[in-house]
Each structure stands twice: as C-alpha cells, then as structure tokens.
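Have a look at the structure below, then the notes.
Each reported figure results from applying straightforward, stated rules to the coordinates on display, with no laboratory input. Predicted, not measured: the structure shown is a model, and the values here were computed from it. All Cβ positions, glycine included, derive from the backbone under ideal geometry; neighbour counts span all protein chains shown.
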Amino acid sequence: MFEIKYTSDAIDDLKSFRKSEQRSIFDQITEQLSYEPMTDTRNRKKLRPNDVSEYELRISKFRVFYDVDEEAKTVKIEAVGYKEGNRLFIRGKEYAL
C-alpha cells in the first residue's frame, strides 16, 4: 500500500474547489492511488516529460498530477486542476502540458 502525500501547492489547488468536489477528489485519490499507482488504467496514465509530474489521474473534469517513489512507497500529489474542453486550468490559470 502506498502512502499519499500532498504538496502545499496541491492543498492550495484543492481549496479552490467546493467542499463536495474536494471530498470527491480526495476519496478518488485514496481509492485510485493507494494500490498500484503506476499501472495505466482508463483514468490513470503516465505523461510525457513535463514540469508538473510524471502521472495524471482523471476524476470526471478534474485532473490530479502526481509522482511515485516506488522505493519509499509514496505517492506525492503535485497539483490538482480541471479541464474545460481541451484546456487545463490549475488555480484558475490556463496551463499547457
């Protein structure tokens, strides 16, 4: 089982959403990333090299960006954003991956 850690930026990202959305995102992160966080699934994939993270988790319109330390068995949540169409927003600013 992997331990899930949040960066201070990711916590700030989560605070920008409504409480019900925060709860849903948090629950899905725990459910989806506690076991086998590096396995590609319908909602989880490895990203091309970028400045944010190595992996992405899709939760409806939300996107969770995370890195995995396999030796330490930790998942580090780097950022949480949302998509509108094909545009990604993190903390209200458009971001290109």
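Assorted remarks:
- Flag for residue 67 being assigned to a strand (DSSP E or B) and under 20 Å from residue 95 (Cα atoms): yes
- If the condition is being of a type in the set (Lys, Arg) and either within 12 Å of residue 29 (Cα to Cα) or in a strand (DSSP E or B) (or both), then region 70-86 contributes 76, 83.
- Among (1) touching a Gly at 6+ places or on another chain (Cβ under 9 Å); (2) loosely packed, with under 12 Cβ neighbours inside 10 Å, the one test that residue 16 misses: (2)
- Residue check, residue 57 surrounded by 15 or more Cβ atoms within 10 Å (Cβ to Cβ) and part of a helix (DSSP H, G or I): no
- Output for region 37-50, where each listed residue is crowded, with 16+ Cβ neighbours inside 10 Å and in a loop (DSSP other than H, G, I, E, B): 37
- Matching residues in region 45-97 - criterion: being under 13 Å from the mean Cα position of the chain (by Cα) and among the polar types (S, T, N, Q): 53, 60
- Index of the failed condition, residue 30 passing every other in (1) among the β-branched types (Val, Ile, Thr); (2) part of a loop (DSSP other than H, G, I, E, B); (3) closer than 16 Å to residue 74 by Cβ: (2)
Okay, residues lined up against (1) without any contact (Cβ under 8 Å) to a residue 60 or more places away in the chain; (2) β-branched (Val, Ile, Thr); (3) exposed (fewer than 11 other Cβ atoms within 10 Å of the Cβ):
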| residue | (1), (2), (3) |
| --- | --- |
| 10 | no, no, no |
| 35 | yes, no, yes |
| 52 | yes, yes, no |
| 69 | yes, no, no |
| 81 | no, no, no |
| 89 | yes, no, no |
